[in-house]
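Worksheet for the structure shown next.
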């Protein structure tokens, strides 16, 4: 279920200055969506020290611990996200840069696998903030098709995203693919692999389950849907291949960004 996230590995965060950090986390008391002053200050300080000229967008995700009903915790996690968003806006953060706000609901814990259940639960009552920096993809990685490419370039399609557990193209994704198809029809020699990715899957699994097919091949199905749509828009199938890569290559920029599709240029 989309409101469930299984904890398999606890990640330790490296200490970094607020200027260098690409994310922040604040914590809530049990069954609350208001914050103590020290947590409010964490958000305010982080927002003020962030160089907004280098930030493309911000994503905010809220969570609850494992106690209580699913629907209640889903609403509570959304309220926590809205609390953080309102603090950012009240302190001058550009509303247009907040592109994702999502309550994730409960974080499920296997109680016999943690040494300190109370501490684990306290860390799960949280909101995570992720900054997506402008031009932060690195050399040879782009967020749109360029006039000139070289073999090995990657094109990360920011606006080709999917609902949790789904391979169905969203209407907004189809509009974006329409634009991409026009560019590909203008550059007829460009060949590429369509790479599908997923988020939120335990490390013990290579891929996620597609809720449409009930099979564990979600990343491949996402790539295939893009492949089929581009064919429907006149792009030759001889220029394209597709493959699913499961959860092997997270971007570290939030779950929504990991539910993505990329192009890998294979011929120019």
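The values are calculated or read from the model by the stated rules, or taken from the named source; none is laboratory data. These figures come from a predicted structure and were not determined experimentally. A quick note on method: Cβ atoms are made from the backbone with ideal geometry, for glycine too, and the neighbour counts reach across all protein chains shown.
Counting only residues that are modelled with pLDDT of 85 or more and either within 23 Å of residue 31 (Cβ to Cβ) or surrounded by 12 or more Cβ atoms within 10 Å (Cβ to Cβ) (or both), how many does the range 108-124 have?
9
Hey, any hits in the range 224-241 for a residue that's in contact with a helix residue (DSSP H, G or I) (Cβ under 7 Å, 6 or more places away or on another chain), within 25 Å of residue 266 (Cα to Cα) and free of Cβ contacts under 8 Å to residues at least 12 places away in the same chain?
Checked the range 224-241: at least one residue is in contact with a helix residue (DSSP H, G or I) (Cβ under 7 Å, 6 or more places away or on another chain), within 25 Å of residue 266 (Cα to Cα) and free of Cβ contacts under 8 Å to residues at least 12 places away in the same chain.
Going residue by residue through the range 197-216, is there one that turns out to be under 15 Å from residue 157 (Cα atoms) and at pLDDT below 90?
Yes, the range 197-216 contains at least one residue that is under 15 Å from residue 157 (Cα atoms) and at pLDDT below 90.
Conditions tested, residue by residue: (1) outside the structural domain of residue 28 (by TED's automatic domain parsing); (2) closer than 22 Å to residue 200 by Cβ; (3) free of Cβ contacts under 8 Å to residues at least 40 places away in the same chain; (4) out of contact with any strand residue (DSSP E or B) (no Cβ under 6 Å at 6 or more places or on another chain).
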{"site": "42", "(1), (2), (3), (4)": "no, no, yes, no"}
{"site": "45", "(1), (2), (3), (4)": "no, no, yes, yes"}
{"site": "98", "(1), (2), (3), (4)": "no, yes, no, no"}
{"site": "102", "(1), (2), (3), (4)": "no, yes, no, no"}
{"site": "110", "(1), (2), (3), (4)": "no, yes, no, yes"}
{"site": "117", "(1), (2), (3), (4)": "no, no, yes, yes"}
{"site": "121", "(1), (2), (3), (4)": "no, yes, no, yes"}
{"site": "127", "(1), (2), (3), (4)": "no, yes, no, no"}
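Mind counting the residues in the range 160-190 that are more than 30 Å from residue 216 (Cβ to Cβ) and not in a loop (DSSP other than H, G, I, E, B)?
Result for the range 160-190: 7.
State whether one or more residues within the range 226-234 are in contact with a strand residue (DSSP E or B) (Cβ under 6 Å, 6 or more places away or on another chain) and more than 30 Å from residue 63 (Cα to Cα).
yes
Give the residue, chosen from 239, 216, that is on the phi < 0 side of the Ramachandran plot, in contact with a strand residue (DSSP E or B) (Cβ under 7 Å, 6 or more places away or on another chain) and surrounded by fewer than 18 Cβ atoms within 10 Å (Cβ to Cβ).
239
In contact with a helix residue (DSSP H, G or I) (Cβ under 8 Å, 6 or more places away or on another chain), part of a loop (DSSP other than H, G, I, E, B) and under 16 Å from residue 30 (Cα atoms) - does that describe any residue in the range 88-107?
No; the residues of the range 88-107 include none that is in contact with a helix residue (DSSP H, G or I) (Cβ under 8 Å, 6 or more places away or on another chain), part of a loop (DSSP other than H, G, I, E, B) and under 16 Å from residue 30 (Cα atoms).
For residue 205, which of the numbered conditions (1) out of contact with any helix residue (DSSP H, G or I) (no Cβ under 7 Å at 6 or more places or on another chain); (2) in a helix (DSSP H, G or I); (3) surrounded by fewer than 20 Cβ atoms within 10 Å (Cβ to Cβ) fails to hold?
Condition (2) is where residue 205 drops out.
Yes or no: the range 67-75 includes at least one residue that is surrounded by 15 or more Cβ atoms within 10 Å (Cβ to Cβ) and either under 24 Å from residue 50 (Cβ atoms) or out of contact with any strand residue (DSSP E or B) (no Cβ under 8 Å at 6 or more places or on another chain) (or both).
no
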